[in-house]
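First the structure, in the form of structure tokens, and then the observations on it.
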Amino acid sequence: MERDDVPAAAGVLESFSLDGDAVLVTGGAGGIGAAYAEACAEAGGDVMLADIDADGAESTAAELAEAAGADVRAVACDVTDEDDVRDAVDATVDAFGGLDVTFANAGIGRLFDPVHSQDLEHWREVMAVNLDGVFLTTRESAAAMRADEGGRIVTTASVLGLVGTETPGLSAYVASKGGVVQFTRQAAVELGPDIRVNAIAPGWVHTGIGGGMMREDAPGMEPVQEQMRQETALGRLGYPADLKGLALFLASPASAYCTGAVYRNDGGYTTT
Ligand SMILES: NC(=O)c1ccc[n+]([C@@H]2O[C@H](COP(=O)([O-])OP(=O)(O)OC[C@H]3O[C@@H](n4cnc5c(N)ncnc54)[C@H](O)[C@@H]3O)[C@@H](O)[C@H]2O)c1
């Protein structure tokens with residue numbers, strides 16, 4: 001990959017191509033990460049899924065490889081573990097000959113207790129995955145990218161990194177995602193001009209997060225999801241596939257002059 005220093009000379013559709021690019025997606029076994037991976041595979045990228053759920057990553061990789069006709073592989077990785085993250089980056093470089101794009105996406109979020117009774121252990125668990133994990137993934141990816149031609153890093157923040165929520169028990173999650181937003185901005189400054197770093201801030205999306213609380217049929221969650229729908233201008237929650245277009249934009253030369261920014265993909269949740 002050549003550095004995106006100038007607008008793509010080719011046509012705009014070609015600027016979305018990842019032909020020959022190596023892509024690493026943490027938390028790629030399912031949900032939003034699998035959608036990012038699918039977008040990149042469809043655009044011609046070679047993709048490595050890194051996930052703590054090794055079996056899930058393997059089966060998702062096989063499905064995406066077949067559907068997109070792409071080289072999609074899997075590696076077991078706990079993003080809170082420095083060695084695991086370094087190994088996942090090395091595995092990507094070894095498999096595909098470099099690293100051009102990283103999605104620092106793995107994250108967890110559950111409804112815990114409200115702030116006055118929030119447990120410290122749960123707080124630290126969320127911070128370890130959502131914030132330490134994004135830091136470690138960015139650091140190790142940047143080291144590999146700087147040794148080559150540079151690259152693009154996309155973090156997964158959340159609208160809850162930008163605003164609070166009526167849904168209680170999310171203080172650790174909200175704080176962690178606020179940290180991802182600010183980390184992304186600072187990383188863009190420190191890693192430019194070779195590496196562009198941007199964040200995607202999804203709204204509420206139907207995935208397996210939080211033990212399945214965001215699934216469409218999640219037991220007991222309908223009133224909460226209805227409240228979320230009412231607060232969303234488009235009147236529905238998102239699906240992972242809603243994130244694919246933005247993910248590909250930020251992963252590709254189409255976004256050549258974008259860095260240090262947070263892109264909301266939230267159905268209008270944060271408009272009011
Ligand atoms: N679903 C939403 O409403 C929503 C909204 C905004 C942001 N997000 C963010 O999107 C990202 C993806 O979440 P999702 O909704 O697709 O959830 P998900 O649970 O469907 O997927 C998360 C993936 O991360 C993996 N993972 C968890 N801990 C890990 C670890 N320590 N190391 C490596 N992998 C790990 C899981 O195994 C899973 O495959 C997260 O950062 C999440 O905070 C989700």
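Only the coordinates and a few stated rules stand behind these numbers; no lab work does. Values in this document were obtained by computation on a predicted structure and should not be read as measured data. Here the Cβ positions follow ideal geometry from the backbone for every residue, glycine too, while neighbour counts run over all protein chains shown.
Once Rg and the Kirkwood radius are both taken over the C-alpha atoms of the stretch 186-272, their ratio Rg/Rh works out to 1.08. Rounded to two decimals, the Cα-based Rg/Rh of the stretch 22-173, with Kirkwood Rh, is 1.01. Which of 122, 116, 206 has the fewest other C-beta atoms within 10 Å, and how do the rest follow up to the most? If I rank by nearby Cβ atoms, fewest first, I get 116, 122, 206. Remark: the stretch 204-272 carries a charge dipole of roughly 240 debye about the Cα centre, counting +1 on each Lys and Arg Cβ and -1 on each Asp and Glu Cβ. The modelled label-to-label distance for the pair residue 82/residue 110, using points 7 Å beyond Cα in the direction of Cβ, is 2.8 nm. Calculation over all alpha carbon pairs of the chain in 5 angstrom steps from 0 returns a P(r) of 1, 6, 13, 18, 20, 17, 12, 7, 3, 1, 0, 0 percent. Sorting 82, 231 by the number of Cβ atoms found within 10 Å of their own Cβ, with the fewest placed first, yields 82, 231. Ranking 162, 184, 218 by how far each Cα lies toward the positive end of the dipole of the chain (charges on Cβ) leaves 162 at the top. Each of residue 227 and residue 146 was given a label point 7 Å from its Cα along the Cα-to-Cβ line. The distance between the two points is 4.4 nm.
Using a simple spin-label model with pseudo-atoms 7 Å out from Cα toward Cβ, residue 94 and residue 189 lie 3.7 nm apart. Each of the peptides 18-27, 247-256, 215-224 was scored by the mean count of other Cβ atoms within 10 Å over its residues; in descending order, highest first, they stand as 18-27, 247-256, 215-224. For the pair residue 256 and residue 19, the difference between a 0.36 nm per residue extended length and the Cα-Cα distance amounts to 83.7 nm.
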